[in-house]
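A quick write-up on the structure given underneath.
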Amino acid sequence: MDKKVLSELQAIKQILSHLVGTSNSPHGERFSTEALDQAAKYFQKLSIDRGEWIEEWDIGKIIKDAPYNKAGAFIRTEFGFSNYFKRGKKFYYNKQDLIALSQELKARNINLKRYCELRDDELKFKKLVESASANTKGKGRKRFTLPYDVRDITTSSPKAPSEVVIRESLETLKEEFFRYKLSEYVDIHNGNHAMVKYEYYLQKYIKPDIKNRCRKWCDNFNYANHALKLVTNKTEKFIPVKDDDMIQL
């Protein structure tokens, strides 16, 4: 018989002996809470050894684009991933459920690492807003001090640019996107918001002029889309695929 099978049978025997107690144990102690806890620990160890549970640092082996240092906490809080347990200081996650989650993320075209970055950015912004709001809530603190003689300083809204001018700017930006092959460095989210791609261990090898061009392009693209929304109450949807390539698809 295979040594691994024998080892697992021995482990099961240990679990049962701790669960029901040995024949030498007093009858009242054969089904105690302590015995159940010990049996559970043996069962966990056996399940881990069989590969049924994945340690937090190994989630990336199942979900390929998972962030290395925070994937476990993120899927628990963001997706309500519940099939896990903590043993000592380590978290273990059910392998089959991780595979199912990975398949669902792939079906929805979600890069988990990028999603974490977006949620972190939203959280930082929320904290900034909350911090600013808290500044006005201190006891006895004046919300502001406005000099008595400061008044009648105003202006009117500037003339809005025409929709044509803004769309021409967007068309120029689209041409630049393809000309400089910015798809290698820039993501377009929802067709109207641009973000520079980021990978810590590669940033130092990207030429500064490329970084500057990408940041400037993203700022100009987002600026133009925001201006278009102010003028027309709608944004431009940009699918970063050339018309000729789109026809082939």
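Key figures
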read-out: Residue match in the stretch 147-159 (condition: modelled with pLDDT under 90 and surrounded by 10 or more Cβ atoms within 10 Å (Cβ to Cβ)); value: no
read-out: All positions within the stretch 178-209 that are over 26 Å from the mean Cα position of the chain (by Cα) and either among the polar types (S, T, N, Q) or surrounded by 12 or more Cβ atoms within 10 Å (Cβ to Cβ) (or both); value: PHE178, TYR180
read-out: Elements of type helices (runs of 4 or more DSSP H) contained in the stretch 60-175, each with 3 or more residues being closer than 21 Å to MET195 by Cα and outside the structural domain of ASP187 (by TED's automatic domain parsing); value: 112-134
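The values are calculated or read from the model by the stated rules, or taken from the named source; none is laboratory data. As the structure is a prediction and not an experimental result, all values here were calculated from the model. Heads up, the Cβs are rebuilt from the backbone with ideal geometry, glycines too, and the neighbour counts pull from every protein chain shown.
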